[in-house]
Structures are given as structure tokens and as C-alpha cells.
Amino acid sequence: MAGLWKVTTIAGSIQGFANGPREEALFNSPKGIVVDVTGILYVVDFSNHKIRKILPDGTVSTLAGGEPGFADGPGVEARFNRPNGLAIDAAGVLYVTDSLNNRIRKILPDGTVSTLAGGDPDYVDGPGVNARFRVPSGITVDSTGILYITDTYNNRIRKILTDATVRTVAGGGAGHNPNGIGLTARFNRPEGLVVDATGVLYIADTNNGKIRRILSDGTVSTIVGRGRGFLDFMERERFINREERSRTFSIPTGIAIDTSGTLYVADNDNNRILKVLPNGDFRKIAVIEKPNCIAVDTSGDLYVTNASRIFKIEDASKPTPANRNRKQMMMEELKSLPGGIEYQMALERVAESGFFRSRKQTRKRRNSKSRYTRR
């Protein structure tokens, strides 16, 4: 079953705005998404100018925001203008790129919103609200509390230190190819970004159609992507079946990293969620129409936003607690039985479950399936 992924809709249907149970909740161009340690999802509702909260049972509510505008304050009294990216730190504090307000906002667990950095659109490093951004998009936070931001229309990667000082990590204006160190590197409308456990940054360089890497010394390199490209019909078939490698993205917007260091990319115009392999190739794991942003939880499950829905993508091949508990209960039942008809019935239940299918049986089933597939 390796490589099988299950896609389900957590919430949303048509575009609109509504809180409530998953079946009734509506979103309008949701973008940034994060999941906390308890399984609660937080979603940036881009065109509704709000930050939404989804409980594990699917109930949706508004954490902060209302009509478009700019205002700090408690919960729904705060105002955003096209919020985009979202990050969460170890204390459960949220950070939002408020794109058209050109600011970075902070939301405490109680919903109180404040401004961390930014002001009028421009490009300026410096302390907090004296710094300037131009349509910031992606945001991530490392283990020390340092924030990293894709300053999309300035084509730069910025960081905010714990004292709110803003500095430029890399980028010096728009460019199509150059790698380099720090300000000599070039990006073209970068959007999503993540940081790994060692402090290495990975950037979805959206209009260049590449995934870029920034080391701690500022060295920028391209790890995957040959430039933007939309796959034609035959290329799509090869892409799906993996008969040939293809390293072409078309508008990579979101990027996430799991606890093992594996990268996942939302390729917007190719309608795919991709897993980046160590050799620089990638593998399709799901087809979702126009995916925007992506997040991953500690168990390796993915969460994806598109124009109106929130999706969950699970690796169907990994053992689940339910399956493990089921097997353990069967084993305990077998051990407790003295024999006779009860023992035989328990054996039959185990056999039907498939837990102890022999290699020969498994091989026979696979061969039968492959022959059917070839026809």
C-alpha cells in the first residue's frame, strides 16, 4: 500500500462565509493553514479578511477579523486586509502576513491582535513598525522564535528577530535564475516558505517555478524545478504514472516540511500536491484543484487549502491506532482461549482481517491484481 494517499474534505464547499458545523461552514479563498499540538486547525480566510478556527470535530468559528481594514484589538474587532500566510509558535501564538496592509500581525491564543512590524508599502529594514514590506505572503517560525517572511513584491526573504527587528536574509530584486549569497540571489514573487530543524529555509519561488534553499550562511541554491511549465496531456500521463521524470512546476505556492525533513509542495496551476524526493525528483500524492497552501502535522498528515475548501491528506499505508488496537485485542483473545470452537472462530477472524496473510498469499493477490491492471 506504500504511496497510497486518502483525501477528505474537512470543511467548506462553495465560496462564501459561514461558521458552524463542517457541513455548513463556508470559506472564500482560504490560504495559510497551520495545525497545533491538539489538532486544532487555524486558517487564513483571505477574501473574508478573517482568521478561522477548526476544531477536531469540524466545527468552524472566527478567531479574529471582520470587514476589511486595519485595526488591532480583541478578536472580531481587529481588522485585516487580505491576510495570507500563517505560522504558529510553540506557545500557540499565531503570526499572520497581512498582505494588503503590508504588515506582520500577531494573535495571542485569546484572539487579541497586535502589529509586530510593517507599515506603508516599501522596502526598509529596521525595528518593528519602522520596517517596510510590500505584499508579504508566506511566513514561518523557527524553534528560537525567529520569523521568516516572503516579501513577495519586494522579491526578498526577510526575518524578524525576537526583539521585532527586521532584516533581509536574501534577495535583491526580481530575477529569473541567479543563485548566490544573500542579497546577490534573485527571486520572482516568492510565496510559501518553511524552515527545518537545523535552520535551513525552503522557498516556493513561485514565478520562477522552483524550490529554493537558503543555508544559514545565506547561500541560495535551487533544489528542484526547471522553471515554470504547464504539463500537456502526454506529459501529464507521464507525470501521473512516473514513467518519466518531470521536474516542472507551474505556480508552486505552498510548501511544508514533516518531522523527517521531507518536503511537500502545492503546485497551483498543475493542480497537484507533490512530495519532493531526496534525488530532486518529485512524486504526485494527490490531485486538488488550484491548491493554495499546505501544512503537515506531527503524524505526517497534510492539510491543504484551495478556493473554498480545507482538505486532509492521509497516508493510507501507515498503521493506524485503530488497526494496532484491533490486532492487539485479537492476540489477547487468542491467548486467553483454552481451545475448541471459540479458538477456531478467533483464528478465522484474524485470518479475515489480513494481519497474518502469508507472503505467498500476498504475492498471489498482487500478481492477480497486476495482471488485471495490464489488461
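The values are calculated or read from the model by the stated rules, or taken from the named source; none is laboratory data. On a predicted model such as this, the values are computed, not experimentally measured, just so you know. All Cβ positions, glycine included, derive from the backbone under ideal geometry; neighbour counts span all protein chains shown. Accessible surface areas use protein heavy atoms only, side chains included; no ligands, DNA or RNA. Shrake-Rupley method; radii C 1.70, N 1.55, O 1.52, S 1.80 Å.
The 3J(HN,Hα) values that the Karplus relation (6.51, -1.76, 1.60; θ = phi - 60°) gives for the stretch 11-28 are, in residue order, 6, x, 8, 8, 6, x, 9, 6, 8, x, x, 3, 6, 10, 5, 10, 10, 10 Hz. Gly and Pro appear as x. Under a 5 Å amide H cut-off, with hydrogens placed 1.01 Å from N, L277 pairs with F282, R283 among residues at least 5 apart or on other chains. Backbone geometry of the stretch 268-274 corresponds, through the Karplus equation with coefficients 6.51, -1.76 and 1.60 at θ = phi - 60°, to 3J(HN,Hα) couplings of 4, 6, 8, 6, 9, 9, 10 Hz, x marking Gly and Pro. When only alpha carbons are used to place a centre, the stretch 39-81 and the stretch 159-225 end up 28 Å from one another. The order of Y123, Y264 by accessible area, most exposed first and with a 1.4 Å probe, is Y123, Y264.
Computed over neighbours whose Cβ is under 14 Å from that of L193, the net charge equals +3, Lys and Arg +1, Asp and Glu -1.
Rounded to the nearest 20 debye, what is the charge dipole size of the stretch 1-51 about its Cα centre when +1 sits on each Lys and Arg Cβ and -1 on each Asp and Glu Cβ?
120
Stokes-Einstein diffusion for the stretch 40-167, with the hydrodynamic radius set to the Kirkwood value over Cα pairs and evaluated at 4 °C in a medium of 1.567 mPa s, equals 91 µm²/s. Solvent-accessible area of the stretch 113-211 (1.4 angstrom probe, protein heavy atoms only): carbon and sulfur portion equals 48 percent. Each peptide in 286-292, 112-118 was scored by the mean count of other Cβ atoms within 10 Å over its residues; highest first, the order is 112-118, 286-292.
Take 83-93, 212-222 and order them by the average number of nearby Cβ atoms within 10 Å per residue, most first; the result is 83-93, 212-222. For the stretch 140-218, relative contact order (Cα pairs under 8 Å, six or more residues apart, normalised by length) works out to 23 percent.
Annotation: Cα Rg of the stretch 146-230 relative to the compact-globule expectation 2.2 N^0.38 Å equals 0.99. Taking all protein chains together, F70, F46, F187 sort by accessible area into F70, F46, F187, largest first [probe 1.4 Å]. Would you be so kind as to identify which of A64, V44, P109 lies farthest towards the positive end of the dipole of the stretch 1-114, taking Lys and Arg as +1 and Asp and Glu as -1 on Cβ and the Cα centre as origin? Of the listed residues, the answer is V44. Packing, as the average of other Cβ atoms within 10 Å across residues, places the peptides 253-263, 151-161 in the order 151-161, 253-263, highest first. Residues whose amide H comes within less than 5 Å of that of I10, counting only those at least five positions distant or on another chain, are I310, F311, K312 (H built at 1.01 Å from N in the peptide plane).
The magnitude of the dipole of the stretch 27-128, with charges of +1 and -1 set on the Cβ of Lys/Arg and Asp/Glu and taken from the Cα centre, is near 200 debye.
Rounded to the nearest 10 square angstrom, E67 shows an accessible area of 120 square angstrom against a 1.4 Å probe.
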